[in-house]
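A.B. asks: Structure provided below as structure tokens; questions to follow.
The values are calculated or read from the model by the stated rules, or taken from the named source; none is laboratory data. As the structure is a prediction and not an experimental result, all values here were calculated from the model. Heads up, the Cβs are rebuilt from the backbone with ideal geometry, glycines too, and the neighbour counts pull from every protein chain shown.
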Amino acid sequence: MTSQEIRQQFLDFFKSKEHLIVPSAPIVLKDDPTLMFSNSGMTQFKDYFLGYKEPKSSRIADTQKCLRVSGKHNDLDDVGRDTYHHTMFEMLGNWSFGDYFKKEAITWAWELLTEVYKIPKENLYVTIFEGDEKENLERDTEAYDLWKQFISEDRIINGNKKDNFWEMGASGPCGPCSEIHVDLRSAEEKAKVSGLELVNNDHPQVVEIWNLVFMQFNRKADGSLENLPAKHIDTGMGFERLCMALQHKESNYDTDVFTPLIAKVEELSGKKYTGILTDEKDIAIRVVVDHIRAVSFAIADGQLPSNGGAGYVIRRILRRAISYSYRFLDRKEPFLYQLVAVLQEQMGKFFPELEKQGTLVTEVIKSEEESFLRTIETGLIRVDKLIQQTISEGKKILPTEEVFELYDTYGFPDDLTRIIAEEKGLTIDEAGFEQALNQQKQRSKADSAQKVYDWVTLEEKPENFVGYDQLESETYITRYRKVENKDGEFYQVVLSESPFYPEGGGQVGDKGTLENAAESFEVLETKKENGLIISLINALPKDAGAVFYAKVNVADRKNSQANHSVTHLLHEALREVLGTHVEQKGSYVGPDYLRFDFSHFSKMTEEELALVESKVNAKIKENIPLQEFRTIPIQEALDRGAMALFGEKYGDNVRMIQFGSSKELCGGTHVKSTSEIGHFKIVSESSAAAGIRRIEAISGEKSEEYFKNLETQFTEISQLLKSKDLSKSIEKLLEENSALKSEIESFKKEKAKGEIQNWKNDFEDNNGKKLLVKKTSLDAGSVKDIVFQLKKEIPNSVTIIISDAGEKPMITVGVSADLEANYHAGNIVKELAKEIQGGGGGNPGFATAGGKNIEGIENAYQKALEI
């Protein structure tokens, strides 16, 4: 049975049990402050469990793309070193939202595994929650009694809170669970050791295959548990492990989920995969085929590699794969990107985002490979210098600060530094490195640390967003909670009627005021969390239950919505000028400017930019009215030609914004007609990432300010040049400047010649060795020429020139060829540079160093005389 058949049988089975089959949500989360990625099948249904939203069906089944590489659920370090841990994996699941509970979940799980998939019953074990006194939770006897109907009691195992109480994170929906484990060992191995002893003991062939979570609690911020409004079922079955069991393999990597990728790696690397767990080459191949899946799906869902947040996680995964292929597969050129086509062929039919975004995914990965391979090469040079310096100082341990800088600043893998050092008989300070790493993590945590208290609910009532139609409203606070961070103490409030647009879709959240006759509070930001619109204020009202007036900052909202509307026009114009491959890949829409990222593989020409700008401004002048379809079935919107962005999560009903032929699914605020935008001006076009270009632009008032500033500058320059023909006047200035530069260079050369003749007579002789130490105001280029000439003409000489030309001091050292065995210019200059708070280096014959402290020149001069 192929993996595709196994997946389809699961979905068909639950469809027969009246479950609605839904597509996987994006692997990247954009509206959940507690998670970066979907780390379980239930993530996309979190709002249903909490009661914030109504599900489209009380019974749902799907396969969800998941990623576990950070936080509580982190499998990264295990990947490649065992047979069953992965970064990206599929989670097959069936869900009940207040419908069926334990009886049906257990019965159907047993039916699917034993009757449909035909797994021998004697190969299965189940676990139940044994209870927890500290949490005041009792043993799950209900699940135990249900399992007794299908499996002997000696195969039902009590599990502790760690194994059998499922929690998505530090807070949120949770509950006891019942795991199903499968024993895939041979009959001979089973005769030696009972599977009972191996359940939950990390045996590679006695593995958890399915987890049935009985979701009935919500973990609050203070750690306490409260009952959910209704009981739910949340199950998750690891697709890759299921394939291993049904295809009778000993490793997930031996299934057809991975074998096509492994075959391609073998072809490209010339290395043969043997499946040995301890073989570094095989570990590298497993890392590569696992990580390429995680990175490809993340990019396809809109998360590009970057230096922060979720983007940094993706870059880290990709660099881990590149590092392994570089070290153990001898791949010094990009090759991972060639695996994307294999992944598309395998999974593109079920996950169309891989097909649609394939070119972008391939180009981004290739560019990241090229960049990081250069980093590795640069790092190798740095490591070599570090090793030579350590050896020359007679030490055996590389300095921790330098090793950590290689890792933290340059992205050079610390384990690669360790391997190279060991080859030279050196080590790194493991404890010191870990300490530096932990200190960095603590600093990062401190910067982002935030304590969030539990909600205090004043009234159980649905909250409404009225900001599409009005900028102020009478309202009251339905719930609030305290928030503490490095900036102080604040309060988040939820309003019964809120005109404040919450940050989303690239548009910044509204600011404004919340006031009544007695009190007034500034609304500092507005965000959305778990379906709630949350506004931040700096204090709690004395009477939180009073009636307030919520007022949006009108000027900021007006400018933001103008910029948002213009991004729609810009998107359409880019597709017209560059081609339909252009798709939005991110945006920022604020009151001051807009940023628009889009897929395109080359720098835009001046002509293309001018044409795009012209098209957008033409649409603005047309005064096209806004057509808003506030609630429309998503399929109808798509049939009408609306643009839907990959990586975005859409419901059954959506909001469609139309300006003429521009149609997009969008939840943001917009102008009533395009003429309100005023004017559109592109400020810059640049690269945001491989295959992604970025346009920054302004509109409305900011565009007017831009042209007023240009006019002012034009007038000032005209007055300075006393000319209205600026082009001609500037051309004349440039010609004069060039002529003057030539004259200055001639003067410098003449002065340098004079200094050479003078300095030749100033060398001090000491037992046949000659030293010249001079202070000068000559520029660096002239000094370099002089030093090279002197070291060539004066045998057995060391020349040290200390220059104060400009604002920064400069030291230049030259050693004649016949003294290079005795004196090293690079070492001399490093020592002298300490006096001017600088650094530099060079070879034995010539070296330079620049510094910050010009006051240290005299000390450097005296130190040079001591040589």
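A.B. asks: Considering only strands (runs of 3 or more DSSP E) fully contained in region 471-581, which possess at least 3 residues that are charged (D, E, K, R) and not assigned by TED's automatic domain parsing to the domain that holds Pro591?
C.D. replies: Of the strands (runs of 3 or more DSSP E) lying wholly inside region 471-581, those with at least 3 residues that are charged (D, E, K, R) and not assigned by TED's automatic domain parsing to the domain that holds Pro591 span 472-485, 525-529.
A.B. asks: Please state which of the following conditions Gly488 fails to meet, knowing it meets all the rest: (1) surrounded by fewer than 16 Cβ atoms within 10 Å (Cβ to Cβ); (2) at negative phi.
C.D. replies: (2)
A.B. asks: Using the structure shown, decide if Ile730 is under 21 Å from Asp785 (Cα atoms) and in a helix (DSSP H, G or I).
C.D. replies: no
A.B. asks: Taking Lys272, is it modelled with pLDDT of 95 or more, not in a helix (DSSP H, G or I) and not assigned by TED's automatic domain parsing to the domain that holds Pro26?
C.D. replies: Judged against the criteria, Lys272 is a match.
A.B. asks: Follow-up question, since we're still on this one. Select the helices (runs of 4 or more DSSP H) contained entirely in region 324-430, then report the ones holding at least 1 residues which are modelled with pLDDT under 85.
C.D. replies: Qualifying helices (runs of 4 or more DSSP H): 358-392, 400-408, 414-423.
A.B. asks: Just a yes or no: is a residue in region 363-371 hydroxyl-bearing (Ser, Thr, Tyr) and surrounded by fewer than 15 Cβ atoms within 10 Å (Cβ to Cβ)?
C.D. replies: no
A.B. asks: On the basis of being loosely packed, with under 12 Cβ neighbours inside 10 Å, within 49 Å of the chain's Cα centre (by Cα) and among the hydrophobic types (A, V, I, L, M, F, W, C), does Leu733 make the cut?
C.D. replies: yes
A.B. asks: Would you confirm whether any residue within region 97-117 is touching a Pro at 6+ places or on another chain (Cβ under 8 Å) and either surrounded by 20 or more Cβ atoms within 10 Å (Cβ to Cβ) or not assigned by TED's automatic domain parsing to the domain that holds Leu196 (or both)?
C.D. replies: Yes: region 97-117 contains one or more residues that are touching a Pro at 6+ places or on another chain (Cβ under 8 Å) and either surrounded by 20 or more Cβ atoms within 10 Å (Cβ to Cβ) or not assigned by TED's automatic domain parsing to the domain that holds Leu196 (or both).
A.B. asks: So, one more: If a residue must be more than 19 Å from Asn859 (Cα to Cα) and crowded, with 18+ Cβ neighbours inside 10 Å, how many such residues does region 797-822 contain?
C.D. replies: Qualifying residue count for the region: 5.
A.B. asks: Any residue at all in region 289-296 that is under 20 Å from His86 (Cβ atoms), at pLDDT 90 or above and in contact with a Lys or Arg (Cβ under 7 Å, 6 or more places away or on another chain)?
C.D. replies: yes
A.B. asks: Asp77 is checked against (1) under 27 Å from the mean Cα position of the chain (by Cα); (2) assigned to a helix (DSSP H, G or I); (3) crowded, with 21+ Cβ neighbours inside 10 Å and fails just one. What number does that condition carry?
C.D. replies: Here Asp77 meets the rest and fails (3).
A.B. asks: Here is a list: Ile106, Ile60. Which entry is in a strand (DSSP E or B), in contact (Cβ under 8 Å) with a residue 12 or more places away in the chain, touching a strand residue (DSSP E or B) at 6+ places or on another chain (Cβ under 9 Å) and over 30 Å from Val289 (Cα atoms)?
C.D. replies: Ile60
A.B. asks: I've got another one for you. Filter region 416-433 down to the residues that are without any contact (Cβ under 8 Å) to a residue 24 or more places away in the chain and either loosely packed, with under 12 Cβ neighbours inside 10 Å or farther than 16 Å from Ser323 by Cβ (or both) and list them by number.
C.D. replies: Correct list: Glu422, Glu423, Glu430, Ala431.
A.B. asks: Identify, please: which residue in region 747-763 is touching a residue at least 24 places away in the same chain (Cβ under 8 Å) and in a helix (DSSP H, G or I) and is, among those, nearest to Val787 (Cα to Cα)?
C.D. replies: Restricting to residues being touching a residue at least 24 places away in the same chain (Cβ under 8 Å) and in a helix (DSSP H, G or I), the top hit is Ile756.
A.B. asks: Additional query: Mind counting the residues in region 764-787 that are under 49 Å from the mean Cα position of the chain (by Cα), free of Cβ contacts under 8 Å to residues at least 60 places away in the same chain and surrounded by 15 or more Cβ atoms within 10 Å (Cβ to Cβ)?
C.D. replies: Going through region 764-787 one residue at a time, the tally reaches 5.
A.B. asks: Give the residue, chosen from Glu250, Glu179, that is in the same structural domain as Leu35 (by TED's automatic domain parsing) and under 33 Å from the mean Cα position of the chain (by Cα).
C.D. replies: Glu179
A.B. asks: Criterion first (within 26 Å of Lys527 (Cβ to Cβ), assigned to a helix (DSSP H, G or I), assigned by TED's automatic domain parsing to the domain that holds Ser587 and not small (Gly, Ala, Ser)) does Glu664 satisfy it?
C.D. replies: Considered against the rule, which asks whether it is within 26 Å of Lys527 (Cβ to Cβ), assigned to a helix (DSSP H, G or I), assigned by TED's automatic domain parsing to the domain that holds Ser587 and not small (Gly, Ala, Ser), Glu664 comes out as no.
A.B. asks: Okay, moving on. Answer yes or no as to whether Glu474 is more than 29 Å from the chain's Cα centre (by Cα), surrounded by fewer than 16 Cβ atoms within 10 Å (Cβ to Cβ), closer than 27 Å to Thr669 by Cβ and touching a residue at least 40 places away in the same chain (Cβ under 8 Å).
C.D. replies: yes
A.B. asks: Just one of the numbered conditions (1) loosely packed, with under 12 Cβ neighbours inside 10 Å; (2) part of a helix (DSSP H, G or I) is not true of Lys451; which one?
C.D. replies: (2)
A.B. asks: May I ask you to list pairs of residues, at least six apart or on different chains, whose Cβ atoms are under 7 Å apart, with the first in region 195-210 being small (Gly, Ala, Ser) and the second being buried (at least 21 other Cβ atoms within 10 Å of the Cβ) and modelled with pLDDT of 90 or more?
C.D. replies: Going by the 7 Å Cβ cut-off, the qualifying pairs are Gly195/Tyr125; Gly195/Asp183; Gly195/Val206.
A.B. asks: Could you run through region 688-723 and say how many residues are in contact with a helix residue (DSSP H, G or I) (Cβ under 6 Å, 6 or more places away or on another chain) and not hydrophobic (A, V, I, L, M, F, W, C)?
C.D. replies: 4
A.B. asks: If I ask for residues that are of a type in the set (Lys, Arg), assigned to a loop (DSSP other than H, G, I, E, B) and more than 29 Å from Asp454 (Cβ to Cβ), which ones from region 139-183 would you list?
C.D. replies: Hit for region 139-183 is Lys148, nothing else.
A.B. asks: Can you say whether Thr127 is under 26 Å from Glu5 (Cβ atoms) and either assigned by TED's automatic domain parsing to the domain that holds Leu50 or surrounded by fewer than 13 Cβ atoms within 10 Å (Cβ to Cβ) (or both), as far as the supplied structure shows?
C.D. replies: no
A.B. asks: Do you know which residues across region 833-858 are surrounded by fewer than 14 Cβ atoms within 10 Å (Cβ to Cβ) and under 28 Å from Pro795 (Cα atoms)?
C.D. replies: Selection gives Gly839, Asn843, Glu858.
A.B. asks: Test Glu793 against the criterion of being charged (D, E, K, R), outside the structural domain of Ala825 (by TED's automatic domain parsing) and either without any contact (Cβ under 8 Å) to a residue 40 or more places away in the chain or surrounded by 18 or more Cβ atoms within 10 Å (Cβ to Cβ) (or both), and give yes or no.
C.D. replies: no
A.B. asks: Taking region 614-653, which residues are among the charged types (D, E, K, R), more than 19 Å from Glu583 (Cα to Cα) and touching a helix residue (DSSP H, G or I) at 6+ places or on another chain (Cβ under 8 Å)?
C.D. replies: Lys619, Lys621, Glu622, Asp652 - these are the residues of region 614-653 that are among the charged types (D, E, K, R), more than 19 Å from Glu583 (Cα to Cα) and touching a helix residue (DSSP H, G or I) at 6+ places or on another chain (Cβ under 8 Å).
A.B. asks: Considering only residues that are closer than 27 Å to Glu704 by Cα and surrounded by fewer than 18 Cβ atoms within 10 Å (Cβ to Cβ), which ones fall in region 578-592?
C.D. replies: Tyr588, Gly590, Asp592
A.B. asks: It is to be established whether one or more residues within region 544-553 are out of contact with any Pro (no Cβ under 6 Å at 6 or more places or on another chain) and free of Cβ contacts under 8 Å to residues at least 40 places away in the same chain.
C.D. replies: Taking every residue of region 544-553 in turn, none turns out to be out of contact with any Pro (no Cβ under 6 Å at 6 or more places or on another chain) and free of Cβ contacts under 8 Å to residues at least 40 places away in the same chain.
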